[in-house]
1. If I filter the stretch 58-81 for residues that are loosely packed, with under 15 Cβ neighbours inside 10 Å and at pLDDT below 95, do I get at least one hit?
2. Scan the stretch 354-371 and report the pairs whose first residue is under 17 Å from Phe89 (Cα atoms) and whose second residue is at pLDDT 85 or above and surrounded by 14 or more Cβ atoms within 10 Å (Cβ to Cβ), with Cβ atoms within less than 6 Å and a gap of 6+ or a chain change.
3. Is it the case, given these coordinates, that Phe229 is more than 30 Å from Val137 (Cα to Cα), buried (at least 21 other Cβ atoms within 10 Å of the Cβ) and either in the same structural domain as Leu48 (by TED's automatic domain parsing) or not aliphatic (A, V, I, L, M) (or both)?
4. Within the stretch 244-257, which residues are touching a residue at least 40 places away in the same chain (Cβ under 8 Å) and either buried (at least 18 other Cβ atoms within 10 Å of the Cβ) or not assigned by TED's automatic domain parsing to the domain that holds His209 (or both)?
5. For the stretch 230-288, which residues satisfy the criterion of being within 30 Å of Val10 (Cα to Cα), of a type in the set (A, V, I, L, M, F, W, C) and either at pLDDT 95 or above or touching a Phe, Trp or Tyr at 6+ places or on another chain (Cβ under 7 Å) (or both)?
6. Scan the stretch 149-169 for residues that are more than 11 Å from Val132 (Cα to Cα) and either in contact with a His (Cβ under 7 Å, 6 or more places away or on another chain) or charged (D, E, K, R) (or both) and jot them down.
7. Of all residues in the stretch 37-57, count the ones that are part of a loop (DSSP other than H, G, I, E, B) and surrounded by fewer than 21 Cβ atoms within 10 Å (Cβ to Cβ).
8. Out of the residues in the stretch 393-409 that are surrounded by fewer than 14 Cβ atoms within 10 Å (Cβ to Cβ) and without any contact (Cβ under 8 Å) to a residue 40 or more places away in the chain, which is farthest from the chain's Cα centre (by Cα)?
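The values are calculated or read from the model by the stated rules, or taken from the named source; none is laboratory data. It should be emphasised that the depicted structure is a prediction, and the values quoted were computed from it without experimental measurement. In this analysis, Cβ positions are derived from the backbone assuming ideal geometry, glycine residues included, and neighbour counts consider all displayed protein chains.
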Amino acid sequence: MHIEEVDVLVIGAGPSGSVAASIINKQGFKVKIVERTQFPRFVIGESLLPRCLDHFEAAGLMPAIKAAGFQEKNGAVFKMNDKQCDFDFSVSFTEGWTYAWQVPRDDFDKVLADEVEKMGVEIAYQTSVIDVQFAGVNSTTTVKDVNGIQSQIKAKYIVDGSGYGRVLPRLLNLDKPTDFPARAAMFTQVDDVNRPDDIESNRITVIAHTQDFWVWTIPFSNGKTSIGFVGYENEIKTKKGNIENQFRSLLKSISQVPERFHEAEMFFEPKQIVGYSAAVKQLYGPGYVLTGNASEFLDPVFSSGVTFACESARISGELICEELKGNKQDWETLYAKHLKQGVDTFRTYVKAWYDGRLQTIFFSEKSEEGINRKICSVLAGYVWDKKNAFVRSHDSSVTNLAQLLKAQTNQTT
């Protein structure tokens, strides 16, 4: 059996894997990526947050992304009944990027992976991890290529950026139950030939149909728009017929979904993901680290997935480089606790979305600009800025504000 030796093995060539590999490669260490699929390939998670751009810049990926011409995303629009709330990333509490991108992930991920290959990182596509054995921090990973041929990769460190594949959580029994309810998503991309030139052309739009059921629309620069429904499985599967008919029935049943989408051509049959939330017992161990969705995934409502993927990839890549140089690192403080703070902040906002607190805040006529700027920073992904009270004391800030606005509304009605 062929045996290869590298400094770091990265599992998965998505944004997490590409950022981590680039960071480590730039420090002069030998990195190899193994990817189960062949790029380009479809994956969900199409609306990025400004915080991601910090990591793309650190990884040297910004020029390639800019050259690809993806749709700039300048904020987010939320709708409920006849009310609308717009967050503009240029009007945020935290100083940072004022835009992000909305991207077909098949194209976007390939742009990143191709750029990493140009940097000298080898990517073995259509190669699956079937076993990992650790001897202290050193590991031997057995992989199988598209022809069924097995080989081994010896590494001093493994970065698991396998996303929903969750390779190391599965092989090392690291999965644990999530405290989020099992929700489902149904989505596709349509030919948006009658797209108007308005604010929603450079925003993700989130439509609150009910407290537990919402819709996204994400326009791309290629003329396509991603549309998805999120709710409990029985809410999504209430219509009869095949999945396309179910999807179109849902489109027509929600009054705030623009009519131009009702009969728009679908580029693929709608896909479904049920019970997408995930969690793990630990984020790192001797010789390995979990990044992105391989570690934890909350919910798609605030598009936080790629942000955590890039945040975890950059930090873990930098820590691994220091470890390889012989400088022991405090992974618990610098990695686990750091990520937990960001996840916990977004967890508050996700829970507040589904229990109605955020709807109270977003659609109140008594909202204040200063508070909206702080919430906008959270929605831009700056969930580590503790100067922001809506980060530092996220749960109490959201709860107290919602209660205040609700009381003020009740006094005037």
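1. Yes, the conditions are met somewhere in the stretch 58-81.
2. Taking only residues 6 or more apart or on different chains, the pairs are Phe362/Phe78; Phe362/Cys85.
3. Numbers: more than 30 Å from Val137 (Cα to Cα): yes; buried (at least 21 other Cβ atoms within 10 Å of the Cβ): yes; either in the same structural domain as Leu48 (by TED's automatic domain parsing) or not aliphatic (A, V, I, L, M) (or both): yes.
For Phe229, the condition - more than 30 Å from Val137 (Cα to Cα), buried (at least 21 other Cβ atoms within 10 Å of the Cβ) and either in the same structural domain as Leu48 (by TED's automatic domain parsing) or not aliphatic (A, V, I, L, M) (or both) - is met.
4. We begin by selecting, within the stretch 244-257, every residue touching a residue at least 40 places away in the same chain (Cβ under 8 Å); these are 246-247, 250, 254, 256-257.
Once the filter is applied, which keeps residues that are touching a residue at least 40 places away in the same chain (Cβ under 8 Å) and either buried (at least 18 other Cβ atoms within 10 Å of the Cβ) or not assigned by TED's automatic domain parsing to the domain that holds His209 (or both), the stretch 244-257 yields Gln246, Phe247, Leu250, Val257.
5. First pass over the stretch 230-288, keeping only residues within 30 Å of Val10 (Cα to Cα): 271-288.
Filter once more, keeping what is of a type in the set (A, V, I, L, M, F, W, C): 273-274, 278-280, 283.
Answer for the stretch 230-288, where residues must be within 30 Å of Val10 (Cα to Cα), of a type in the set (A, V, I, L, M, F, W, C) and either at pLDDT 95 or above or touching a Phe, Trp or Tyr at 6+ places or on another chain (Cβ under 7 Å) (or both): Ala278, Leu283.
6. From the stretch 149-169, those more than 11 Å from Val132 (Cα to Cα) are 149-151, 156-157, 159-166, 169; that's our starting set.
Listed by number, the residues that qualify are Ser151, Lys156, Asp160, Arg166.
7. Within the stretch 37-57, the subset part of a loop (DSSP other than H, G, I, E, B) is 37-46, 48-50.
Cutting the leftovers down to surrounded by fewer than 21 Cβ atoms within 10 Å (Cβ to Cβ) gives us 37-44.
Total meeting the criteria: 8.
8. Residue satisfying both the conditions and the ranking: Ala407.
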